[in-house]
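Taking it in order: structure first as structure tokens, then the write-up.
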């Protein structure tokens, strides 16, 4: 057995041990974990707030915040829901794009555009604690 | 006894649909009161938020709201005695916006009294606005009623002066309704002194009507539905028997009664705002009297916007909201209850879903 082979076996053994002991701890979050994840989330929420108040998100200088202070009257907790004027059930990002296209006279964002994620993170954060009511008008 | 012909509302709906139809009813308002000298009407247009994009381009949506209010107000029969513009003619207080707004307003066939809004003020502290429309606060008398116009959107000097790198930045900060870096509105010591002096010459039985941009009552600080020294203004007004405060800023139907003072809000022509309870994370004091207006449908651009006709009946305000995409609303002073009351939705059970769901 060469020196290198020995090293590989030892490493393999070490990984096995880690996997065996680690599996019992996989869902035990530490406070440090929670704080880190919350920080990640809030950084996206804050990006969303910046976009919400950004007169450059659309093309006419109008910002989301003009009609929706604190993201009020966006009720993301009611989506997906049937939008009569669109003729189908839509998730909230489609309504965000409707607003970007119409009152903001701008170009719609892709569903997985980080800006779209940030806008949704901000909206839902402002509605935290409100009960989910999908489909409700 | 308070009989106002409801056909006026039907007429206005027709006028909206026909866009300046030629058939105008002869009599739209019937008032049956002894002191007829105190019965007259005036129109109230507010919160146009004319917004400059660049060059000769303005946000079409807000333009249309104001143009429509002006056109419909010109159709009123009988003619209102005057028109009030309740503030926020501009979005960011610059010359192109104020000029463009003034030009749209110039089509009105009536005398117009202007109220200062924060969006008109915080770029140059009202300098250009004054050149166009006159003093920032003043009073006048009309048919036995004493009218007072206040600039209620002032704030602490420390916030206004030497705080922001540019005047444009100051304007942008105050323009954002929910800005934690904003500052509460106030009438201020100078105007309070002036108001006290102005009122000292008025008999207690003279009806007083005050126009302000912000509510002279405290509803929700987070969105400046609030005037910091509201209690001091109210204290000066309470010794009069009939006082009405009419305010803009809130872009929604509101009304209240505090002692002798009736409060009525007016709608925006630009866009509607949600009611404060729709924001789940802050304390608010929306008056219990209020029956909320419908939650606006964004697919109808003018939903939740409009203007109003005010009948001053024996010195009390009867407010007729003429809403572009909704049934009108009537909030009238109820003489037995001594408070404003919505005449169509007096009870919870009579409300419709969009009035209760945020």
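With the simple model of a label 7 Å out from the Cα in the direction of the Cβ, residue B:167 to residue A:27 spans 6.3 nm. Compactness of chain B is given as radius of gyration and Dmax, 19.2, 58 Å, from Cα positions. Rounded to the nearest 0.05, what FRET efficiency do residue B:300 and residue B:141 give with R0 = 30 Å and r taken as the Cβ-Cβ distance? Could you check? That gives a FRET efficiency of 0.15.
Taking the square root of 5 times each eigenvalue of the Cα gyration tensor, what semi-axes in Å does the equivalent ellipsoid of region B:223-342 have, largest first? Before the final figure, lay out the partial values.
Values: eigenvalues 119, 67, 27 Å².
With the √(5λ) rule applied to region B:223-342, the semi-axes are 24, 18, 12 Å.
For the protein assembly as shown, which semi-axes, largest first and in whole Å, follow from the square roots of 5 times the eigenvalues of its Cα gyration tensor? Kindly include the intermediate steps, with their values, before the conclusion.
Details: eigenvalues 484, 124, 102 Å².
Each semi-axis is √(5λ); the values are 49, 25, 23 Å.
Each of A:42, B:116 has some number of other Cβ atoms within 10 Å of its Cβ, and from fewest to most they run A:42, B:116.
Rank these for me by crowding, A:54, B:55, going from fewest to most other beta carbons within 10 Å. Kindly include the intermediate steps, with their values, before the conclusion.
Details: A:54 13, B:55 7.
Neighbour counts put them in this order, fewest first: B:55, A:54.
Determine the calculated [θ] at 222 nm for chain B from helices alone, applying -39500 (n - 2.57) to every DSSP H run no shorter than 4 residues and normalising by the residue count; nearest 500 deg cm²/dmol. It lands at -6500 deg cm²/dmol.
Shape class for region A:36-137, computed from the alpha carbon gyration tensor (a ≥ b ≥ c): oblate, with a/c not under 1.5 and a/b at or below b/c. Among B:327, A:101, B:68, the ranking by other beta carbons within 10 Å of each residue's beta carbon, starting with the fewest, stands as B:327, A:101, B:68. Consider a paramagnetic label point 7 Å from the Cα of residue B:64 along Cα→Cβ; state which residues of region A:42-71 have an amide N under 16 Å from it. Residues passing the 16 Å test: A:60, A:62.
Read-outs throughout are calculated quantities, based only on the coordinates presented, and are distinct from any laboratory measurement. The model shown is predicted, which means the values in this text are computed figures rather than measured ones. Counting neighbours? That spans all protein chains shown, and the Cβs are built from the backbone with ideal geometry, glycine included.
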